[in-house]
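The values are calculated or read from the model by the stated rules, or taken from the named source; none is laboratory data. Since we're looking at a predicted model, the values are computed, not measured. Every residue, glycine as well, gets a Cβ built from its backbone with ideal geometry; the counts of neighbours run over all protein chains shown. Note: accessible area is taken over every heavy atom of the protein model, side chains too, but ligands, DNA and RNA are not part of it. Shrake-Rupley method; radii C 1.70, N 1.55, O 1.52, S 1.80 Å.
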Amino acid sequence: MTVFKCYMKILRQNVGMIIIYLGIFFSVALVMQMAAGKSENSLYANASIDIGVVNEDQSVLAQGFVDYLNTIHNVIPMKNDPEVLQENLFYRNVEYIIQIPADFYEACILEGEPLKVTKVPGSYSSYYVDQQISAYINTLRTYLAAGFSQKEAIQGAKAEVHE
């Protein structure tokens, strides 16, 4: 009890100093909170990267897929020439190359074969695009399995994936 009384005596003698320190602490904390609250809305923004697309299938599904990618990223149409593709990837004209096969609906949608992609090794943006492509194709498969037409499936998949 003696220690407690001594502590309270020291506290009473320095009450002015304690109030000053608390005032400084709370004012700095309030200013920091106001500054952090303003910038919080601008922390996340979708990243748009350059994607090369080799579209060998001119079907409605393939065109819908390219249109979906074009809403998120910068799509650059390319010819199926391995030297040109490697050169564009090497010089970073594109970070990701997607090759849509001639039988896109049968191979990728029905049989579940993955699309042939070429990407910059170790790039985080390539994982981002992989996830977006996977989500879109899985949603498209779901709509087509439910009995929707190809155009309806494209519209539904675009709306659902963007949400």
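Quick one: count up the residues across the stretch 128-142 that are open to solvent by 30 Å² or more (accessible area, probe 1.4 Å), out of contact with any helix residue (DSSP H, G or I) (no Cβ under 7 Å at 6 or more places or on another chain) and at pLDDT 90 or above. Spell out how you get there, then give the answer.
Restricting attention to the stretch 128-142, the residues satisfying the condition of being open to solvent by 30 Å² or more (accessible area, probe 1.4 Å) are 128, 130-131, 134-135, 138, 141-142.
If we keep only those that are out of contact with any helix residue (DSSP H, G or I) (no Cβ under 7 Å at 6 or more places or on another chain) as well, we get 128, 130-131, 134, 138, 142.
The next check asks that each one be at pLDDT 90 or above; those that pass are 130-131, 134, 138, 142.
Residues flagged as open to solvent by 30 Å² or more (accessible area, probe 1.4 Å), out of contact with any helix residue (DSSP H, G or I) (no Cβ under 7 Å at 6 or more places or on another chain) and at pLDDT 90 or above within the stretch 128-142 amount to 5.
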Need the failing condition index for E83 against (1) over 27 Å from the mean Cα position of the chain (by Cα); (2) surrounded by 10 or more Cβ atoms within 10 Å (Cβ to Cβ); (3) acidic (D, E), just the number. (2)
Residue under evaluation E95, criteria (1) crowded, with 17+ Cβ neighbours inside 10 Å; (2) out of contact with any Ser or Thr (no Cβ under 9 Å at 6 or more places or on another chain); (3) among the acidic types (D, E), criterion not met: (2)
A145 vs. criteria surrounded by fewer than 16 Cβ atoms within 10 Å (Cβ to Cβ), in contact (Cβ under 8 Å) with a residue 12 or more places away in the chain and either of a type in the set (A, V, I, L, M) or on the phi > 0 side of the Ramachandran plot (or both): no
A159 being open to solvent by 30 Å² or more (accessible area, probe 1.4 Å), small (G, A, S) and more than 17 Å from G52 (Cβ to Cβ): yes
Within the stretch 1-49, count every residue that is open to solvent by less than 100 Å² (accessible area, probe 1.4 Å), hydroxyl-bearing (S, T, Y) and modelled with pLDDT of 90 or more. 1
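Considering only the stretch 74-85, how many residues are out of contact with any Gly (no Cβ under 6 Å at 6 or more places or on another chain) and touching a residue at least 12 places away in the same chain (Cβ under 8 Å)? Lay out the reasoning, then the answer.
Residues of the stretch 74-85 that are out of contact with any Gly (no Cβ under 6 Å at 6 or more places or on another chain), as a first pass: 74-75, 77, 79-85.
Checking which are touching a residue at least 12 places away in the same chain (Cβ under 8 Å) leaves us with 74-75, 77, 79-80, 85.
So the answer is 6.
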Of (1) over 25 Å from Q150 (Cα atoms); (2) in contact with a strand residue (DSSP E or B) (Cβ under 9 Å, 6 or more places away or on another chain); (3) assigned to a loop (DSSP other than H, G, I, E, B), D57 satisfies all except one. Which? (1)
